[in-house]
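Shown next, in structure tokens, is the structure this report addresses.
Values in this text are rule-based calculations from the coordinates and carry no lab data. Fair warning: this is a prediction, and the values are worked out from it, not measured in the lab. Please note: Cβ atoms are built from the backbone with ideal geometry, for glycine as well, and neighbour counts cover all protein chains shown.
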Amino acid sequence: YHQTIAGALKNYGEAISKFGNDDVAEQFYSKYLNMVNYATHVIKPDGKWPFVSDTYANSNPNPVLWEDPYYQYAVSKGHTGKKPEETNAVFPDSGYAIFRDRWGSSGEGTYLFFTAAYHTDYHKHSDDLSLWIYHNEDIITEAGPYSYTLSDPVTQYAYSSYAHNTLIVDNNGLAIVKSTSGLE
């Protein structure tokens, strides 16, 4: 979703600018530019997204979405752009923290993605306090999406805490509000 929304904000800003409303266009474009730091840091050392929430395996970072040199470094696995100065990024408002031991060009390195992002019960996976660990390859991963057919038992499982590498206490994980999502 991050990449999709960023692309939409960029396109809205460009379209509105063509109509001469540069102030409104700048508001969209500014939000788009503010999204690049997360996009840079969330990319794993192998140049791919972690499968968190609704990120599918075939969804790869768009190499032309941002011209930012740090993003270009991350998306190209260090072959273009400029190596980011910071190896760690914490996004407290979003509930994400991303740590790595280094930026490199070989796909090697250690990377940790941690989530504590329960902001809404709409289309929410029970993945809070889960993590993704990469050390030269994926070690501990996330379930990612399965389907949107909430009546399907496999989909229900995929949304549950059991499908994510998160804490289960006394056989209970994080509950999802049934009235909104159809799941408990």
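Taking Cβ atoms as reference points and 15 Å as the exclusive limit, the residues near Ala74 contribute a net charge of 0, counting Lys and Arg as +1 and Asp and Glu as -1. Is the shape of the stretch 46-113 rounded, prolate or oblate, going by the alpha carbon gyration tensor and its root eigenvalues a ≥ b ≥ c, with a/c under 1.5 for rounded and a/b larger than b/c for prolate? Rounded.
Only loop residues by DSSP count here, and only those with at most 12 other Cβ atoms within 10 Å; note down the trypsin sites (Lys or Arg not before Pro) in the stretch 34-114 that meet that.
Filter output for the stretch 34-114: Arg102.
Label-to-label distance, Ser30 versus Tyr157, with points set 7 angstrom from Cα along the beta-carbon direction: 4.8 nm. Projecting label points 7 angstrom from Cα along Cα→Cβ for Val169 and Leu150 puts them 2.6 nm apart. Judged by the mean number of other Cβ atoms found within 10 Å, the most tightly packed of the peptides 20-32, 60-72 leads the ranking 60-72, 20-32. In the structure shown, the pairs Lys31/Lys83; Lys18/Lys44; Lys44/Lys82; Lys48/Lys83 are assessed against 28 Å; a Cα-Cα span above that value is assigned to Lys18/Lys44.
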